[in-house]
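To start, the structure itself, in structure tokens.
Nothing in this text is a laboratory measurement; each read-out follows from the coordinates by a stated rule. If you're wondering where the values come from, they're calculated on a predicted model, not measured in any experiment. All Cβ positions, even for glycine, are placed from backbone atoms using ideal geometry, and neighbour counts span all protein chains on display.
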Ligand code: ATP
């Protein structure tokens, strides 16, 4: 089984990283692909460039076997739609169940995603808990996909909806960008190697909001 965690990763932080490790271990995944979007469809442009966000992700994943920094959305360019990303992953892994992880915040906007119902033809969707966000009521389409058991995730290549609780870490990239812009210390919210990169490249600092 292959896990997928898409995001802006602007920057990557321990909320993402801990989630990836926990779902990998708890669901017995071979790999979790962390996939930074080139241009996220439903939000303003990221503060840091795609190259910087990928570089930070690669630094964060150094020495973490099974967590993969996957640059397919950045290579593809343009607006990053998950339906295209899953189609590309399905080509790479024709016989493995794909598990798309989304935080409870992202899941509440699922119906706005391009061809959202078709996502289930390519992958399972696993909603992970996030502090401050509760699960929205499910429409009949989603209720029909819901499973309370893990077994259907490994027995089918795609098509199920599952909820997975993870250690609650109330960390958000927006707050980290604000901390850095306010010249405060973001230590222990994200890896030191990433903080060093941010400082060296002057990302998110008040004097350089260009992201270049
Ligand atoms: P921002 O504050 O810029 O919106 P973010 O911290 O929410 O960023 P994203 O890159 O947008 O990070 O998130 C990628 C995915 O990881 C989403 O599915 C999101 O719900 C999930 N996620 C992010 N932070 C956490 C967290 N602390 N706990 C659980 N899931 C998280």
Q | Degrees, to the nearest 10: 192-201 long Cα axis against longest axis of the chain | A | 50
(Q) If I model a spin label as a point 7 Å beyond the Cα along the Cα-Cβ vector, how far apart are those points for residue 91 and residue 76 in nm? (A) 1.0
Q: With the Cα gyration tensor of the chain in hand, convert its eigenvalues to equivalent ellipsoid semi-axes via √(5λ) and list them largest first in whole Å.
A: 29, 17, 17
Q | Mean ellipticity per residue at 222 nm, deg cm²/dmol - from DSSP H runs of n ≥ 4 across the chain, formula -39500 (n - 2.57) | A | -10000 deg cm²/dmol
Q | Helix 50-60 axis, angle to the chain major axis (alpha carbon atoms, nearest 10°) | A | 80
Q | Exposure proxy ranking, count of Cβ atoms within 10 Å, fewest first, for 155, 73 | A | 155, 73
Q | Spatial separation of Cα centroids for region 43-63 and region 98-137, in angstrom | A | 22
Q: Using 0.36 nm per residue of separation minus the Cα-Cα distance, give me the extension gain between residue 22 and residue 141 in nm, one decimal.
A: 40.1 nm
Q: Give me the distance in nm between label points sitting 7 Å out from Cα along the Cα-to-Cβ direction at residue 193 and residue 118, one decimal.
A: 3.7
